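One structure below.
Read-outs: derived from the displayed coordinates by stated rules, not from any lab. Predicted model, so just to flag it, every value in this text is computed and none were measured. Every residue, glycine as well, gets a Cβ built from its backbone with ideal geometry; the counts of neighbours run over all protein chains shown.
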Amino acid sequence: MITAAKLLAAEGAANPLIPHTFELVVGIFSFLVVLFVVGKILVPRIQKTLAERTDAIEGGIKRAEEAQAEAQALQRRYSEQLEEARRDAARLREEAREQAAQIKAELREEAQAEARRLVEAAHAQIEADRAAAFAQLRAEIGRLSTDLAGRIVGESLEDEVRQSRIVDRFLDELESSSAQAVR
Amino acid sequence: MSALTVLASDEFGAPTPDELFNLPPIIPGVDWFTKPVLLAMLSAILVIGLCWGAFANPKIVPGRLQNVMEYGYMFVRDQVARPFLGKDADRWMGLLLTLFFLVFIWNIMGVIPIAQFPVASHIAFPAVLAGSIYVLKVYLGMKHQGPVGYFKNLMFPPGLPKPIYLLLSPIEFLSNLIIAPFTHAVRLFANMFAGHMLLAFFSMVGFWFLFEKLTPLGAGVGVIGVVMTIVFTAFEMFIQFLQAFLFAMLASMYIGGSLHPDH
């Protein structure tokens, strides 16, 4: 131990707490060089890049949000348009149905009027026919009756005026009695 | 020199600090050019090279090296700079990243094969860094708080009963302005020094009992030495990282304290 201590004392620089002068110089030199290159040149570059990356990520998120909002707006617009189209279609269908009903009603009205007209015409025809037949029958019956009566009564009833008067009266009585019978 | 003394004697002798740390010049005659000096310069070149490769043309989408180095940058920024400097963190990242990377590479030289010497185990290297930080600390403190205000804030923290200052002020003065730079440097130096001695001791045990004097009894001790060397190498790597982190963190703390006296 004594020799070791002597040795330490002799060499001087062996005390580990005493710095070597040249090591101090090399230490400060390497520190300053690294500080200049890394600290002054390189760190600002990586800081810039990190900031840019943050911007890029944030920008990306923002863009995505914008795109999403746009898509949602578009979807909303589409659904609105779809809804409107549906409403239009429903409205058109309703109108068409109304028009159809109206046309149907008009057609029915026309058909009914036509039918009525036809019925009335038929009635008139029938009435006319009946009147004609009646008139003809009246004449025929009158002649047949007078003929018959003439034959029964003889020549006294030959007089034209008297003859027609008798026939008319007879027929009027006949008509009124038949009308009463109908009622 | 150390290997010769070990070979010459028949008994196992633990490596002495003088053998381990007092290294001869690499080129005889060029006294200043020793192994620590060479490694210190190589480390500086390595740090510059790695940072240049990663950060010279940084990409938004990083490559592999940039990714790894960015991981280091993020670590220093989030764990070292921001807790003590807050919004000023980015301004001091250059210094803090330099400190962390340089000290870390200096330390890790202790376990890199062939190099196997932690540069920071020579006190000159931690001393220049701690000294620079100390000068910066005092300068920033006087600049931001005024020459009088700096010492007032340092020695008379507000809100204490008056008699306390009799005791507190000298202690604060001593710890902040006299002792702090020494502990800053010595903490790193002593950890690397002790770590290197431990590794050297255990590898010497393994080498001596398994190769130099292989005996049936001694072989077990040699195996323990090898196993412990491996275990302590892993432990040392952790310590080397931790001390680099601590050194940068203390620098950040000192700078933060000078910028904002409240902390």
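Listed by chain and number, the aspartates and glutamates whose alpha-carbon sits under 17 Å from that of residue B:162, ignoring those within fewer than 8 places in the same chain, are B:172. The three principal axes of the Cα atoms in chain A give end-to-end lengths of 205, 35, 17 Å, sorted in falling order. To make sure I understand the rule: partners must be aspartates and glutamates, Cα under 17 Å from the Cα of residue B:213, and not fewer than 8 residues away in the same chain. Which ones qualify? Straight-line reach from residue B:213, under 17 Å: B:10, B:11. Across peptide A:45-53, the average count of Cβ atoms from other chains found within 10 Å of a residue's Cβ is 6.
Annotation for region A:43-72 versus region B:116-131: alpha-carbon center distance of 43 Å.
For region B:160-205 versus region B:30-100, the inter-centroid distance based on Cα atoms is 25 Å. Comparing A:98, A:140, A:106 in a Gaussian network model of chain A (Cα springs below 10 Å), the most mobile by mean-square fluctuation is A:140.
On the basis of the beta-carbon distance and an R0 of 41 Å, residue B:143 and residue B:207 show a calculated FRET efficiency of 0.15.
Per-residue 3J(HN,Hα) values for region B:69-84, derived from phi via the Karplus relation 6.51 cos²θ - 1.76 cosθ + 1.60 with θ = phi - 60°, read 5, 5, 4, x, 4, 4, 4, 5, 5, 7, 9, 9, 7, 5, x, 10 Hz in sequence order (x marks Gly and Pro).
Within the listed set B:56, B:200, B:120, the residue fluctuating most in the Gaussian network model of chain B (springs between alpha-carbon atoms under 10 angstrom) is B:56.
Suppose R0 equals 25 Å; then what is the FRET efficiency for residue B:223 and residue B:18 from their Cβ-Cβ distance, rounded to the nearest 0.05? It comes out at approximately 0.30. Label zone (residue A:104, point 7 Å along Cα-to-C-beta; backbone nitrogen cut-off 20 Å) within region A:80-96: A:90-96. Derived scalar couplings between HN and Hα for region A:91-104 equal 4, 4, 4, 4, 4, 4, 4, 4, 4, 4, 4, 5, 4, 4 Hz in order, rounded to whole Hz, by the Karplus curve 6.51 cos²θ - 1.76 cosθ + 1.60 (θ = phi - 60°), x for Gly and Pro. Normalising the Debye intensity of chain B to I(0), with uniform scatterers on Cα atoms only, and taking log10 at q = 0.12 Å⁻¹ returns -0.85.
Amide H contacts of residue B:34: B:26, each under 5 Å away and 5 or more positions distant or on a separate chain (H built 1.01 Å from N in the peptide plane; Pro and chain starts excluded).
Residues whose amide H falls under 5 Å from that of residue A:20, counting only those 5 or more places apart or on a different chain, are B:124, with hydrogens built in the peptide plane.
Using only the Cα atoms of region B:120-171, build the gyration tensor, take square roots of its eigenvalues as a ≥ b ≥ c, and label the shape rounded, prolate or oblate: rounded if a/c is under 1.5, else prolate if a/b is larger than b/c, else oblate.
oblate
For region B:1-105, the set of GluC sites (Glu not before Pro) satisfying both a DSSP loop assignment and a count of at most 16 other C-beta atoms within 10 Å is given as B:11.
Each label was represented as a point 7 Å from its Cα along the Cα-to-Cβ direction; for residue B:215 and residue B:78 these points are 5.5 nm apart. Extension gain, residue A:65-residue A:159: 0.36 nm per intervening residue step, less the Cα-Cα distance, totals 21.4 nm. The stretch between residue A:176 and residue A:119, if pulled fully straight at 0.36 nm per residue, gains 17.7 nm over its current Cα-Cα span. For residue B:109, the residues 5 or more places off, or on other chains, whose built amide H falls under 5 Å of its own are B:119. In this simple spin-label model, placing a label point 7 Å from the Cα along the Cα-to-Cβ direction at both residue A:48 and residue B:114 gives a separation of 3.7 nm.
Taking region B:89-123 and a reference point 7 angstrom along Cα→Cβ of residue B:33, the backbone N atoms nearer than 19 Å belong to B:115. Cross-link partners for residue B:59 among the lysines, with Cα-Cα distance under 25 Å and sequence neighbours closer than 8 places in the same chain left out: A:40, A:48, A:62, B:87. Rounded to the nearest Hz, the phi-derived 3J(HN,Hα) couplings of region B:115-125 under the Karplus curve 6.51 cos²θ - 1.76 cosθ + 1.60 (θ = phi - 60°) are 5, 6, 8, x, 4, 6, 7, 9, 4, 4, 6, where x marks glycine and proline. Report summary: the helix-based calculation at 222 nm, which adds -39500 (n - 2.57) for every DSSP H run with n ≥ 4 and divides by the residues of the protein assembly as shown, gives -27000 deg cm²/dmol.
Report the residue, chosen from A:101, A:56, A:149, that carries the largest GNM mean-square fluctuation when chain A is represented by alpha-carbon nodes joined by springs under 10 Å. Checking each option, the largest mean-square fluctuation is seen for A:149.
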